[in-house]
Every structure is written in structure tokens, then in C-alpha cells.
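Below you'll find the structure, written out as C-alpha cells, and then a few comments.
The values are calculated or read from the model by the stated rules, or taken from the named source; none is laboratory data. Please read these numbers as outputs of a predicted model, since none were measured by experiment. All Cβ positions, glycine included, derive from the backbone under ideal geometry; neighbour counts span all protein chains shown.
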Amino acid sequence: MHRCLRSAFALAPFIAASLLLAQSPAQLTIDVDHPLHSVSPTLYGLMTEEINYSYDGGLYPEMVRNRSLRDGGWEQQDWLLVQNSAAGATMSMDKTTGPSAALTNSLKLSVTDASPADPAGVRNNGFWGYPLQPNTTYTGSLYAKADASALGALTIRLVNNATGKAVATAIVPNLSADWKQYSFTLKTGAIEASAANHLELTVTHPGTLWVTLVSVFPPTYHNRPNGDRIDLMQKMAAMHPTFLRFPGGNYLEGNRLADWYDWKKTIGPLVDRPTHASPWGYHSSDGLGLLEFFEWCEELHMKPVLAVYAGYALEHDHIAPGKDLAPFVQDALDEIEYAIGGPDTQWGAKRIHDGHPAPFAVPYVEIGNEDEFDRSGSYEGRFAQFYDALKAKYPSIQLIATTPVKSRKPDVLDDHYYKSAEEFFADTHHYDKSNRSGPKIFVGEYATMEGTPTADFGAALGDAAWLTGLERNSDLVVMSSYAPMFVNVNPGGMQWHPDLIGYDGLHSYGSPSYYALAMFAGHLGDQVPQSELVGGGKRVFYSVTERKADGTLFLKMVNASPKAELLTIRLDGARSVAPTAKLMRLHAASPADTNSISEPNHIVPSESTVPVAGSVIHHSIPGYSVEVMVISSR
């Protein structure tokens, strides 16, 4: 016998034993009679900001792009001439006239030749077109004035790009010589759903016309005026969010000190909102303003986490603590008063005047955003100045710091994590031994940085593994939110990836990470029982929570390995268990697999049941899987 062969035979018993050991199931023991700590009722929520056309061109469903002509290049991309055969029209920006002190410029259309057979005017291309549905009513308005009544009627049309034919038409019979708002409706017929449409405003007589703040809105969620896009609101609702952090991160700060989110300029009638530059390369209409953020919370039953501007800009400018910062501290106090104040307060009365008599609750206020990037070190003083003023007037509001501070003890500290899946796998025990005597933790932004434009399945594995650690430490981690949440997948619509939810004008879809997060958030107990996993693979992660009222267990399992993991689940304790458990599974054959605008349901959760033998469950977790098992009492 060859020496190598003899050696192989000699090793055979050891190899067999190793293979048997490798195939032996891991054992997860859950002691249902020994809870360790409570679970934060606000553990899962939402964070969003104006990035990737998240608001304009996204959640805020205004169809007219650059409606107030504040974006650059308005005359080349957003607004174009509609000429007749005599080429009888020109357009220009008129910076001397507008309908309000906030909107002081307008589009001036000078028509020298026009007739009913040959109208002239302007067209707007929208946000990658006008996404129109059949048999749908769109509400519109514009501010306009004319130099003479002889100009006649203004015709508003939604026009198919391919045919040049109108699919919906409205008429404004006569225009005043003074600025006035005109409202109209546009109703489509039995058309095919398509974004390949544009808006035209035309006249049939010579004259001069000024227009601005042109608006066309589709139906909105709960039919709220100036409301939100229906399918995106539905997708957020399916995530079971408990809070919304707003108005955003970088969007709160702006690139320069002058670009901060000045909330007082985002409330009241749209005509009184001057708009502002956002930090991601395009202008913000501020149609989704402070009140609309609170109404968004109200519609999805979320607690507001209000971020207030704290004197720092992305290009590293800052406002020194003291007298220079004092007006911004007062702005924060006024902002809270706008939300919670009664009719006897200045800003509470303003909210009531703006159409919302009932006050909003504000349990959390975050002071600034990512102030660890402020190289001046001024956040210590800036935070202290805000903290003292806000706590003095609103002592029950929990104040969130964006970086560790020593000057005051914040109630909550906001941590942000953008990592690879491998880094998250290695960091799931991040908070296991953290100091429980310090501030609570808000993981205000996190994402596994894999996939484009939205997260792929490898990212979902990383995100889910990370969340098991947050659930296990939910006595310390009181809130968490993925970021960024939205991305417009049209060409040029993305500034950051990956993102949680993708969309174009007509459709939207959730990434695998979206479904993993929705599964976790929708199945959460209120206490963490004692548990132990013995023998599990290094790429297997879990968390378990229990609903105290009825003893239901919610077991989250993540297998980031390509191979299945055998698992024996033992439930210690006196409680009897139902004969089957409900199982939800998110699975892919490859970490690179994902969903897309063309295949929105490629990877979605499936549901089944698993048998329970007394208090034991024998289970196999497939490779590359995220699972939630719901184990109920009899």
C-alpha cells in the first residue's frame, strides 16, 4: 500500500468524526422565563433628506420641474418655447416682478404672432417627463399676469411626447393685469400609463404674459392638499416606522452658512416660500416644508425626531457660541413652539393659521448633524448653548447630540455607520459591553455599502446582521434608521448609493434591505429573553424578543454563509407552545442578486410554517437567508 494511501486510511476515522461534527446542528436555547431587559418601542424608524431627488421628483409629487424658476439652466432644460410657424414668441427671466416678496422673479413670455391655428407659449419637461395614469384627475395652479386683456385665454395641456396630441386640457379664460393665482384641473382619459409627456402653456393672440409657481399635482396619500406620493407612503407604512428624523442630515446644514434649512421660510402658502439651495446639486422647492413633515408623521403615526440647525455648514464654516449663535437658538425655540404651541403663543397661532389646529408632540430634538466634522471644536459650546435654552423651556424633550460632548450630558447620542457587509458581520457585538450609565444611543444613519442604485442581497445580509445586535442591545439603543431611504433611478437622479427604495415617475420598488428591515420592524417584542447559541457558524447571527402580554417570541436569524445551517431551537420555561411556528424568509442564491425597477419583486419574503415538537424546533436556515420565526403560545 502506498504510504499516502495508508495515511489516508489512518485518518479516515478522524475525518468522519469531523464531518459528523460539522453536520451537527447548532443549538439555540431561549429561556422564556428570564427576561434580560425591555425593548425600545421606538427602535425602528425612518430618516430622510433631500438627496437623490427624494422630495422634489420623489415623495413630494409636484410634476412641474423648476416651478419657480430658481434652478440654473431653466431656459435650456426645464422650460422651452412652444413656437408656431411664424416663430412668434420669446421668453426671458424677469427679475423685477413676481407675485410675492418671496418670489420676485417670473418667466416673461412675449408673443408677437399667434392664432388659434398656430398657438405659441412654453413647455415644461417635468421630472423625467410627466408620469400620467389613465382616467385620473390632476390638480393644477399657477400665478400669472398679462399686459392686456387682448391676450385672451391661456390653454394648459398635458401632451404626449410621441404624438404631440393633448391627453388633458384646461382653459384659463382671461388673465388679469395684476398677479393672481389661477387653479385648474386636468383629467386624462383611457390612455396608457406613461411618463413620456410634457406640459404646455399657450396663447392664441399676441401679447405679454408673466408666469411663475406653475403646479400640477397627481392624487396624493389620503388626498391631502400639497401631500405626498401614494406608493412611496404605502411602502414606508409597510416598514412599521415609529419615528421620522427630519428634515434631514446634510440638508439641515447646507453647504454654506447661508444655505441652512431656515424652517420659517418653508411654512405658509407656497407663494411665500422663497426656496433654497440644497447641498446635493439641485434646488429645493420647499414644497415639503416643516408643516408637511409633521403631517407626514401624523399620517404614518410616527413620532417626530426634529433636527434643529445648530450653526455648522458642510464646507466647515460655523457660528461661534455666544451672541452670534443666539438668534439660531431662538429659531429652535420658535420651531418647537410652532409644533406644540397653543393659540396663545406666537408660533402656535401661526401653525393654526397654516391649517393645523391640533399641536404635534415633539419627544426628541436633535441639535445639528454630524458635528464631528466641525474641525473647530465649537460643537461643545454650541451644544451647551442650545441644551441650556431648550431644557429650560421644554425640560421633558429628549435632546440628541450628534457627537460626544463633555459640556453637558445629552439624553441621546446619534451614531452613524456606513460599512461593508463584512465589517457589519464583525461588529454585531458593538454595543454589547457599552456603558449603560451614559446617553442612550440613536443609530440615526446606517447602511451596508453594497449595491446600486439600491442595496443588493449582500447588503441585506449585512444590515440584518447589524440589526440583530441593535435588538439585543435595545435597552441602550432606543432608535435606528437606515439612510438614505430614497433614490430616483432615472439618469442623473442619484447622488448616493446604495439606497433603500428606488423609483421612477410611475413605479417604485423595495430593495432586499427594505424587505429585511420591514420584516424585523414588523415583528418585535417588548422584552429580550435570555438566550444562548452554541455551535453556530461564524456567519450566523440571531436576536430574539418576546411580547410579554401573550408570550409570543420573535426570532430573527441571518445566515450570511452560502451553506445551510442546521439549528435546534430549545425553549426553556413552563410556557406551552403552539404546534407550528410561522416563518418568513428572504433568500437569494447570490449576495449580488437584487431587485430593480424592472424586476421589483425578484427577491421578496416568503411565508411558511415549521413544526414544533413540544418545546423543540429543528430547523435548517438556507445559505444567504434572512428569517423571522414567530413562535406563539397555545
>> Among the listed residues L314, L291, L306, L300, identify the single one that is modelled with pLDDT of 95 or more and in contact with a Gly (Cβ under 8 Å, 6 or more places away or on another chain).
In response: L291
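Give the residue that is surrounded by the most Cβ atoms within 10 Å (Cβ to Cβ), with candidates limited to residues of the stretch 374-404 that are modelled with pLDDT under 95 and under 20 Å from G254 (Cβ atoms). Talk me through it step by step, then tell me what you get.
Step one: list which residues in the stretch 374-404 are modelled with pLDDT under 95, which gives 374-377.
If we keep only those that are under 20 Å from G254 (Cβ atoms) too, we end up with 374-376.
On the way: D374: 21, R375: 8, S376: 13.
The residue in question is D374.
For every residue, the table says whether it meets (1) acidic (D, E); (2) within 30 Å of M494 (Cα to Cα); (3) touching a Ser or Thr at 6+ places or on another chain (Cβ under 9 Å).
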{"residue": "G72", "(1), (2), (3)": "no, yes, no"}
{"residue": "G98", "(1), (2), (3)": "no, no, yes"}
{"residue": "P116", "(1), (2), (3)": "no, no, yes"}
{"residue": "G121", "(1), (2), (3)": "no, no, yes"}
{"residue": "N125", "(1), (2), (3)": "no, yes, no"}
{"residue": "G129", "(1), (2), (3)": "no, yes, yes"}
{"residue": "Y143", "(1), (2), (3)": "no, no, yes"}
{"residue": "L151", "(1), (2), (3)": "no, no, yes"}
> Between residues in the stretch 114-128 that are assigned by TED's automatic domain parsing to the domain that holds I156 and surrounded by 14 or more Cβ atoms within 10 Å (Cβ to Cβ) and residues that are in a loop (DSSP other than H, G, I, E, B) and of a type in the set (F, W, Y), which pairs lie under 8 Å by C-beta distance while being six or more apart or on different chains?
Replying inline: F127/Y53
> Within the stretch 299-313, which residues are closer than 10 Å to G248 by Cα and either assigned to a helix (DSSP H, G or I) or of a type in the set (G, A, S) (or both)?
Replying inline: A307
> Counting only residues that are closer than 17 Å to L59 by Cβ and among the small types (G, A, S), which one in the stretch 278-324 is surrounded by the most Cβ atoms within 10 Å (Cβ to Cβ)?
Replying inline: S285
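Looking at the structure I just gave you, is N105 surrounded by fewer than 18 Cβ atoms within 10 Å (Cβ to Cβ) and touching a residue at least 40 places away in the same chain (Cβ under 8 Å)?
Values: surrounded by fewer than 18 Cβ atoms within 10 Å (Cβ to Cβ): yes; touching a residue at least 40 places away in the same chain (Cβ under 8 Å): yes.
When the stated conditions are applied, N105 passes them.
Criterion first (charged (D, E, K, R) and either touching a strand residue (DSSP E or B) at 6+ places or on another chain (Cβ under 8 Å) or in the same structural domain as S141 (by TED's automatic domain parsing) (or both)) does R256 satisfy it? Steps first, answer last, please.
On the way: charged (D, E, K, R): yes; either touching a strand residue (DSSP E or B) at 6+ places or on another chain (Cβ under 8 Å) or in the same structural domain as S141 (by TED's automatic domain parsing) (or both): no.
In short, no.
Those residues that are over 20 Å from I367 (Cβ atoms) and either more than 25 Å from the chain's Cα centre (by Cα) or among the aliphatic types (A, V, I, L, M) (or both), I need them from the stretch 342-353; list them, please.
Result: G342, P343, D344, T345, Q346, G348, A349, K350, I352, H353.
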> Inside the stretch 317-327, can you point out the residues that are part of a helix (DSSP H, G or I) and free of Cβ contacts under 8 Å to residues at least 24 places away in the same chain?
Replying inline: P327
> In the stretch 197-226, what residues are in contact with an Asp or Glu (Cβ under 8 Å, 6 or more places away or on another chain), on the phi > 0 side of the Ramachandran plot and part of a helix (DSSP H, G or I)?
Replying inline: H222
> Which is touching a strand residue (DSSP E or B) at 6+ places or on another chain (Cβ under 6 Å), assigned by TED's automatic domain parsing to the domain that holds A516, buried (at least 23 other Cβ atoms within 10 Å of the Cβ) and not in a helix (DSSP H, G or I), of D463, D475, D414?
Replying inline: D414
> Just wondering, is there one or more residues in the stretch 146-153 that are free of Cβ contacts under 8 Å to residues at least 60 places away in the same chain and of a type in the set (D, E)?
Replying inline: no
> If you scan the stretch 420-442, which residues turn out to be crowded, with 18+ Cβ neighbours inside 10 Å and assigned to a strand (DSSP E or B)?
Replying inline: I441, F442
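Mind telling me which of the residues T242, T275 ends up being in contact with a strand residue (DSSP E or B) (Cβ under 9 Å, 6 or more places away or on another chain), crowded, with 22+ Cβ neighbours inside 10 Å and more than 23 Å from E372 (Cα to Cα)?
Values: T242 fails: crowded, with 22+ Cβ neighbours inside 10 Å.
After applying the criteria, what remains is T275.
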> Out of the residues in the stretch 575-593 that are touching a residue at least 40 places away in the same chain (Cβ under 8 Å), out of contact with any Phe, Trp or Tyr (no Cβ under 7 Å at 6 or more places or on another chain) and assigned to a strand (DSSP E or B), which is nearest to G522 (Cα to Cα)?
Replying inline: M584
> Pick from Y143, Y138: which is in contact (Cβ under 8 Å) with a residue 24 or more places away in the chain, touching a helix residue (DSSP H, G or I) at 6+ places or on another chain (Cβ under 7 Å) and in a strand (DSSP E or B)?
Replying inline: Y143
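Could you please let me know if A190 is part of a loop (DSSP other than H, G, I, E, B), at pLDDT 95 or above, hydrophobic (A, V, I, L, M, F, W, C) and assigned by TED's automatic domain parsing to the domain that holds S92? Walk me through it before giving the result.
Details: part of a loop (DSSP other than H, G, I, E, B): yes; at pLDDT 95 or above: yes; hydrophobic (A, V, I, L, M, F, W, C): yes; assigned by TED's automatic domain parsing to the domain that holds S92: yes.
For A190, the condition - part of a loop (DSSP other than H, G, I, E, B), at pLDDT 95 or above, hydrophobic (A, V, I, L, M, F, W, C) and assigned by TED's automatic domain parsing to the domain that holds S92 - is met.
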> Is one or more of the residues making up the stretch 171-184 free of Cβ contacts under 8 Å to residues at least 40 places away in the same chain, crowded, with 21+ Cβ neighbours inside 10 Å, part of a loop (DSSP other than H, G, I, E, B) and in contact with a helix residue (DSSP H, G or I) (Cβ under 9 Å, 6 or more places away or on another chain)?
Replying inline: yes
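If you go through the stretch 215-228 one residue at a time, do you hit one that is within 19 Å of W79 (Cα to Cα), in contact (Cβ under 8 Å) with a residue 24 or more places away in the chain and either in contact with a His (Cβ under 6 Å, 6 or more places away or on another chain) or surrounded by fewer than 23 Cβ atoms within 10 Å (Cβ to Cβ) (or both)? Lay out the reasoning, then the answer.
Narrowing the stretch 215-228 to residues within 19 Å of W79 (Cα to Cα): 215-217.
From what's left, in contact (Cβ under 8 Å) with a residue 24 or more places away in the chain: 215-217.
If we keep only those that are either in contact with a His (Cβ under 6 Å, 6 or more places away or on another chain) or surrounded by fewer than 23 Cβ atoms within 10 Å (Cβ to Cβ) (or both) too, we end up with 215, 217.
Taking every residue of the stretch 215-228 in turn, at least one turns out to be within 19 Å of W79 (Cα to Cα), in contact (Cβ under 8 Å) with a residue 24 or more places away in the chain and either in contact with a His (Cβ under 6 Å, 6 or more places away or on another chain) or surrounded by fewer than 23 Cβ atoms within 10 Å (Cβ to Cβ) (or both).
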> Any idea which residue in the stretch 185-196 is farthest from N125 (Cα to Cα), counting only those that are hydroxyl-bearing (S, T, Y) and surrounded by 14 or more Cβ atoms within 10 Å (Cβ to Cβ)?
Replying inline: T188
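From the list G493, G525, which one is surrounded by 15 or more Cβ atoms within 10 Å (Cβ to Cβ), in contact with a Lys or Arg (Cβ under 6 Å, 6 or more places away or on another chain) and assigned to a loop (DSSP other than H, G, I, E, B)?
The conditions single out G525.
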> If you check S625, S596, S606, S620, which single one turns out to be without any contact (Cβ under 8 Å) to a residue 60 or more places away in the chain and within 30 Å of Y503 (Cβ to Cβ)?
Replying inline: S606
